[in-house]
Amino acid sequence: MLTRVKSAVANFMGGMMAGGSNGDHPSVSDLPLKFPYTRPDFLGLSPDEIECSADHIARPILILKETKRLPWSTGYAEVINAGKSTLNEDQACCEVLVVKGRPAGSLAPNRTPTTRRRSSLPNGESLGLRENLDNSEDLTLHYWALFDGHAGSGAAVMASRLLHHHIALHLQEVMEILCTPNLVPPTCLGEEAINHHLTPSSQRVLTRAASLRGAAGAPGSPSTPPTRFFTEKKVSQESLVIGAIENAFKDMDSQIEKEKAVYNISGGCTALVVVYLLGNLYVGNAGDSRAIIIRSGEVIPMSAEFTPESERQRLQFLAYMQPHLLGNEFTHLEFPRRVQRKEVGKRMLYRDFTMSGWAYKTIEEDDLKFPLIYGEGKKARVLATIGVTRGLGDHSLKVHDSNIYIKPFLSCCPEVKVYPLAQCEHGADDVLVLGTDGLWDVLSNQEVAESVGCFLANCDPDDQHRHVHPSHTAAVADRLELPLTSVLFGEGERCYFLTITQISKHSDNDVKEQLINRIPRLFPQWFYFF
């Protein structure tokens, strides 16, 4: 237990530290990498530049070398977080994918259902609300993602390479439904689709009649028990997309687990994903990242963080139902502080998975065990080890100096929220911000909104690249009818305009300096879409 206390104190003071990108287990280093360490492909960095990007002294800010490389005027900047790990454990991805239909007569999904169109995008003319330009049977989606890695970069690198393909595979299974406007998804694939031109009451009548026709107990059948009427739950097309994203996360996590047997896939990562499809933005979050929309100065939350405190009751319930996961060293109960032996027999505040408030209980010997959730706020840890409760990877993660696995308490399932972009009116300064936890640790939603709004207000309204970060590196495509752009920043400390290809420690106007100075020492990884 002393070892456990030392481990908890270490994590309480500084969090879980990683010594590099390959730190799961000594024997793991003998396995080949699934994907080599790199920075996001769209940066177009050379091997030397990738090596320089991990310089913890110079800490260069990496930005796009080329404009018009990413969709929706997406810009990018990142800088390594000094002292956290040898290499940058965070990753990002930005793609435009065309989901291909299944081959005629095939029930199995096409295992290569997508083509990538990011690098060949013209100046925005293909980025309007028309989705299927090449083939009316194809489905175009835009994809952005942030992966906040920990204990190694392997899981984040793998997820950045493959998660969008898993999403495309699941979308392919339902794309015939999605490509038919207003079509109500059938309960069973292969059934006759409900005619969306009928009234809702007519649809229910037809659904009930079709369900009863030929069924046991239906009028005219050989045996006629009492007639049973039942209803079908109406499922929206948006729910199919949400389900595709959720299942893609689960498949990605399963693939990481399976391939760890033959590849060195270190660590784990949170995942924050945005998919633009058929007029909607789908924001999926598994971890402690956050997404907000800033519309006409109003902040609209698009995600929630999943931390030991926010998921306390889920974690406690799992430990209560499966106490063997605690290894006889932890208790599922929560106390305001560690219980001391001298307090056995006294009554102390506690709460379990059924409680949002607190009550008193008589302290027993079992209550002396280390609590499942320990610490408060950003210092809260699960099993004295990890401060996030959802994400990908971490299959080999154990409590220090024990055989207690932490993965059973970690969920790979994202929360997915939908924003009806095509149905909303937007101004030129409306923004979607996606950020990992470092940003929100030091800046509130409103402060981020004010910082971005202050910069945009001082830009030339006619500047087509005014939505890109003050580094002046615009990855541009002309504005959409409903303009949203994106800019991604990396995790780091200083926010000078330092890049591998352009070094300048001075902003060229006071507005930039004001904005940059507001970004704190732990400058997080974040997207913002305009």
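Roughly what percent of Cα-Cα pairs across segment 303-395 reach past 17 Å?
Beyond 17 Å sits 50 percent of the P(r) for segment 303-395.
Using θ = phi - 60° and the Karplus relation 6.51 cos²θ - 1.76 cosθ + 1.60, list the HN-Hα couplings for segment 262-274 in order, rounded to whole Hz, with x at every Gly or Pro.
Per residue, the Karplus-derived 3J(HN,Hα) values read 10, 10, 7, 10, 8, x, x, 7, 7, 9, 10, 10, 10 Hz.
Only four residue types carry charge here, +1 at the Cβ of Lys and Arg and -1 at the Cβ of Asp and Glu. Report the dipole size of segment 308-387 about the Cα centre in Debye, rounded to the nearest 20.
Dipole about the Cα centre, nearest 20: 300 debye.
Need one number: nm distance between label points at residue 355 and residue 343, each 7 Å from Cα along Cα→Cβ, rounded to one decimal.
My value for the distance between the label points is 1.3 nm.
Calculate the dipole size of segment 359-426 relative to its Cα centre from +1 charges on Lys and Arg beta carbons and -1 charges on Asp and Glu beta carbons; express the result in debye to the nearest 20.
Numbers: 9 positive and 9 negative charges, 43 e Å.
Computed charge dipole of segment 359-426: roughly 200 debye.
Taking a threshold of 32 Å on the Cα-Cα distance, which of the pairs 65/379; 100/407; 250/379; 346/378; 342/407 fall above it?
Distance filter (> 32 Å) returns 65/379; 100/407; 342/407.
Coordinate-derived values only; no laboratory data. All of these numbers come straight from a predicted model, not from anything done at the bench. As a convention, Cβ positions derive from the backbone with ideal geometry for all residues, glycine included, and neighbour counts pool all protein chains shown.
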